[in-house]
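The values are calculated or read from the model by the stated rules, or taken from the named source; none is laboratory data. Small disclaimer: the values here were computed from a predicted structure and weren't measured. Cβ: placed from backbone, ideal geometry, glycine included. Neighbour counts: every protein chain shown. The area values use the complete protein model at the heavy-atom level, side chains included, leaving out ligands, DNA and RNA. Shrake-Rupley method; radii C 1.70, N 1.55, O 1.52, S 1.80 Å.
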Amino acid sequence: MSETFDVVVIGGGPGGYVAAIRAAQLGMKVACIDAFKGKADGKLALGGTCLNVGCIPSKAMLDSSRQFHNLTHMFADHGITADNAAINVGTMVARKDKIVKQFNGGVASLFKANKVTAFHGFGTLHAGNVVKVKAHDGTEIELKATNIILAAGSISIELPFAKFDGKHIVDNIGALDFDATPKRLGVIGAGVIGLEMGSVWKRLGAEVTILEALPDFLAAVDADISKIALREFKKQGLDIKTGCKVSKAEIKGDEVHLTYNDGKADQQLVVDKLLVAVGRRAATAGLLAEGCGVKLTERGMVEVDGHCHTGVDGVWAIGDCVRGPMLAHKASEEGIAVAEMIAGLPGHVDFNTVPWVIYTEPEIAWVGQNEKELKDAGIPYKVGTFPFAAIGRAVAMNETAGMVKVIAHAETDRILGMHLCGANVSELVHEGVVAMEFKGSAEDLARICHAHPTLSEAVHEAALAVDKRAIHKAN
């Protein structure tokens, strides 16, 4: 006998579990299927990649490593001395694991409070809105639902010449669980994961070399911001090489020997650990049974329309397994939108106002279009910038690197983008998000009173600078 639900969600990550909770809030009978196991107990660990081996654990380790780096490099400026400071990597990793387990339990508690039924195993969609769940022990159950939400997420891309072995060559999961700081860490890919995990282990004493195939550093980021970020990362000792294509990775003893071409000739690099961070792909293998009707794109993503519908009655898909940015918050918003559409309510996600953040030091954040995109589209624009070095709070914090950049339409003054590099810009970027959601102008942002002294004054001054009337810098 199969159990029947109003909604069955395949995937318990930030798209899936949020969709399940919202659907339950709207009065539906909901089930959510996920295969993640808890690291210590092997039990159902809700939260997907984000909570278990992505956003949350990486931020925990970024914070631990930042504390240690500040202690050994920054505190002397404040008159604080600490001789022979040391970090216990095992304790740091255990703290990360404790935080993950806490949030696993938090999602489970939310499921219980909202009466969402959780199933542990791999879900496969069959014809007729039937989902078969195969547990880790091989047993199988069948669920039926009026609506199915596919939220399978994504997995790391593996290079054919650098297969993951979990010890010498790792993905983001392995980079979170080193038992000691490697003397030499190689990273393929200067994207979000490569920069964040490279930063963690550099702060703890590793020699970090990052090899990026593209000729430009952070090509998706506004050029002024990426230039500042690269300068700061190089000051920190991160060795970032662009235009370098890796062709070979051989494990010899306890070393990884890399061959890469820098555009001039083949070069060699020997490291103790290699992190491969060249992107992610939709985790759709085994998700769809023959005859279910749902189609995949050439890139292996679930094919959907602008409302996340697959074209099969009652079947939707959200998050990393569909088009759009692979971001946890984008997945969550899609999950809420789909749950509300199922309930007959309006649901919508505006990709133009989805914020992006890289949690390095300094942080990088942006929303909307950058200068190159606007130039390429032929859109007239004007720009205002302001450096954190001229902000009293930033100087007091000894966090003067970076700036805020506001881009507005040259004729209407409507904000088209906000780009930031500096301390806490992961929070400040939301001034741009809110302003853009309300179709705000640079003038609107410039006329809002910002508390003094705060980092947010850089946003205020950048908005003023759009019309060349910043107060605390020459226009």
Residue by residue through the range 176-206, note down the ones that are outside any helix (DSSP H, G or I), touching a residue at least 60 places away in the same chain (Cβ under 8 Å) and within 18 Å of Thr242 (Cα to Cα). Leu185, Gly186, Val187, Ile188, Gly189, Gly191
Among what's in the range 368-408 and is over 20 Å from Ser456 (Cα atoms) and assigned to a helix (DSSP H, G or I), pick the residue that is least open to solvent (accessible area, probe 1.4 Å). Leu374
Quick one: which residue in Ile225, Ile210, Ile251 is touching a helix residue (DSSP H, G or I) at 6+ places or on another chain (Cβ under 7 Å), at pLDDT 95 or above and not in a loop (DSSP other than H, G, I, E, B)? Ile210
Name the single residue, out of those in the range 271-287 being part of a strand (DSSP E or B) and of a type in the set (D, E, K, R), that is surrounded by the fewest Cβ atoms within 10 Å (Cβ to Cβ). Arg281
Here is a list of conditions, (1) in a loop (DSSP other than H, G, I, E, B); (2) modelled with pLDDT of 95 or more, and Val338 meets all of them except one; can you say which number that is? (1)
When every residue in the range 288-303 that is part of a loop (DSSP other than H, G, I, E, B) and open to solvent by 30 Å² or more (accessible area, probe 1.4 Å) is compared, the one nearest to Pro346 (Cα to Cα) is Glu303
Find the residue count for the range 29-41, including only residues that are without any contact (Cβ under 8 Å) to a residue 60 or more places away in the chain and surrounded by fewer than 16 Cβ atoms within 10 Å (Cβ to Cβ). 1
Hits in the range 410-428 - residues which are of a type in the set (Val, Ile, Thr) and buried (at least 24 other Cβ atoms within 10 Å of the Cβ): Ile415, Val425
Do you know which of the residues in the range 118-169 that are acidic (Asp, Glu) and either assigned to a strand (DSSP E or B) or closer than 23 Å to Met301 by Cβ (or both) is most open to solvent (accessible area, probe 1.4 Å)? Glu140
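Yes/no matrix, rows are residues, columns are (1) more than 24 Å from Asp216 (Cα to Cα); (2) in contact with a helix residue (DSSP H, G or I) (Cβ under 7 Å, 6 or more places away or on another chain):
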| position | (1), (2) |
| --- | --- |
| Gly263 | no, no |
| Asp272 | yes, no |
| Thr284 | yes, yes |
| Arg323 | yes, no |
| His329 | yes, no |
| Glu334 | yes, yes |
| Phe351 | yes, no |
Just for the range 177-195: of the residues that are under 15 Å from the mean Cα position of the chain (by Cα) and open to solvent by less than 10 Å² (accessible area, probe 1.4 Å), which one is nearest to Gly279 (Cα to Cα)? Gly189
Could you say whether any residue in the range 218-241 is open to solvent by less than 20 Å² (accessible area, probe 1.4 Å), over 28 Å from Ala180 (Cα atoms) and among the charged types (D, E, K, R)? yes
Could you check the range 102-117 and list, in sequence order, the residues that are under 25 Å from the mean Cα position of the chain (by Cα) and either within 17 Å of Arg22 (Cβ to Cβ) or open to solvent by 30 Å² or more (accessible area, probe 1.4 Å) (or both)? Gln102, Phe103, Gly105, Gly106, Val107, Ala108, Ser109, Leu110, Phe111
Extreme residue, farthest from Thr385 (Cα to Cα), among residues of the range 316-367 that are crowded, with 19+ Cβ neighbours inside 10 Å and among the polar types (S, T, N, Q): Ser332
Testing Ala265 on (1) within 26 Å of Thr124 (Cβ to Cβ); (2) of a type in the set (Gly, Ala, Ser); (3) surrounded by fewer than 18 Cβ atoms within 10 Å (Cβ to Cβ), one condition comes back false. Which one is that? (1)
